[in-house]
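Just below is one structure, and these are the notes that go with it.
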Amino acid sequence: MSTAHGARARARVEVTAAIKDEARRQLAAEGAAKLSLRAVARELGMVSSALYRYFPSRDDLLTALIIDAYDSLGESAEAAHGAAADSGPLQRWIAVCEAVRGWALAHPHEYALIYGSPVPGYTAPDTTVPAAARVGNLLLGILRDAYRGLGLARPPLPAALRPEAERMAADLAPDLPPETVTALVAAWAQLYGLVGFELFGQFNRVVEDRETFFRHAAGQLAQGVGLVYPQRGPAS
């Protein structure tokens, strides 16, 4: 790589980072619905046409911010999981859940971008899916390890739900029982509901010791997906 080419590449990385940083400041001040490429360009002292070379549209910038937020959340959850790697599945589950909460409290506006109200006129493309799946894949991995090791209790499954449960299992984790996959999808939604309630103020005047409350709730979610010990063998 030539010196000039390398300098241009570094400059592009730096300008892209500056654009994203300014966009995040706008998210914090105005919300995602009011994000404006022209406003970002103005704050950075750029002409709009120059910014469009980096992000052709507002939606392209939103997509980049969404992927960055999911990746940042995923990295935090993966780091917590790695730190608990020598622990059992229940402890690893709680560690991941607590990492999700910790990241959300530290990045409230980015959390709102990915788990808050949809941005009018914006539809997230498929390119966001791998980053969005990182936390879910961690939780799936924990359940797989438990299923192959200590075992999982199978949550009850109504007969009317079994066809949908089998479809979800085939799509998401064909190596796990449909009962487990169905319970995981519910727990995944409840996890983000707990975090959202705390972050957006619904727990005000209701829950005071929120850290202890959350840890207990995360343990309840673990029980709901079958991480109830002792268990014996994957068929239990």
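The values are calculated or read from the model by the stated rules, or taken from the named source; none is laboratory data. Only a predicted model underlies this, so the values are computations on that prediction, with no experimental measurement involved. Positions of Cβ are generated from backbone atoms using ideal geometry, with glycine treated the same way; all protein chains shown enter the neighbour counts.
Observations
- Here the condition is being out of contact with any helix residue (DSSP H, G or I) (no Cβ under 8 Å at 6 or more places or on another chain) and among the acidic types (Asp, Glu); of Asp60, Asp68, it holds for Asp60 alone.
- Residue match in the stretch 151-168 (condition: modelled with pLDDT under 95 and not in a loop (DSSP other than H, G, I, E, B)): no
- Breaking point among (1) of a type in the set (A, V, I, L, M); (2) surrounded by fewer than 18 Cβ atoms within 10 Å (Cβ to Cβ); (3) closer than 22 Å to Glu211 by Cβ, for Val129: (3)
- Matching option when the condition is within 21 Å of Ala95 (Cα to Cα) and surrounded by 15 or more Cβ atoms within 10 Å (Cβ to Cβ), among Ala169, Ala146, Ala173, Ala186: Ala146
- Unique match (being out of contact with any Leu (no Cβ under 7 Å at 6 or more places or on another chain), buried (at least 19 other Cβ atoms within 10 Å of the Cβ) and at pLDDT 95 or above) among Ala95, Ala64, Ala104: Ala95
- Cβ pairs under 7 Å, 6+ apart, first in the stretch 111-128 and on the phi < 0 side of the Ramachandran plot and without any contact (Cβ under 8 Å) to a residue 60 or more places away in the chain, second assigned to a helix (DSSP H, G or I) and of a type in the set (A, V, I, L, M): Ile114/Ile66; Ile114/Ala69
- Matching option when the condition is in contact with a Gly (Cβ under 9 Å, 6 or more places away or on another chain), closer than 30 Å to Ala218 by Cα and among the aromatic types (Phe, Trp, Tyr), among Tyr70, Tyr111: Tyr111
- Some residue of the stretch 106-119 being among the aromatic types (Phe, Trp, Tyr) and more than 14 Å from Asp71 (Cβ to Cβ): yes
- Test: residue in the stretch 152-165 that is surrounded by 14 or more Cβ atoms within 10 Å (Cβ to Cβ), of a type outside the set (Asp, Glu) and under 30 Å from Gly31 (Cα atoms): no
- Checked against the criterion of being part of a helix (DSSP H, G or I), hydroxyl-bearing (Ser, Thr, Tyr) and either in contact with a Gly (Cβ under 9 Å, 6 or more places away or on another chain) or surrounded by 18 or more Cβ atoms within 10 Å (Cβ to Cβ) (or both), the stretch 37-60 contains not a single residue that satisfies it.
- Hey, Ala77 over 17 Å from the mean Cα position of the chain (by Cα), within 21 Å of Leu227 (Cβ to Cβ), modelled with pLDDT of 95 or more and of a type outside the set (D, E, K, R) or not: no
- Boolean, Thr123 is surrounded by fewer than 16 Cβ atoms within 10 Å (Cβ to Cβ), assigned by TED's automatic domain parsing to the domain that holds Leu199, among the polar types (S, T, N, Q) and not in a helix (DSSP H, G or I): yes
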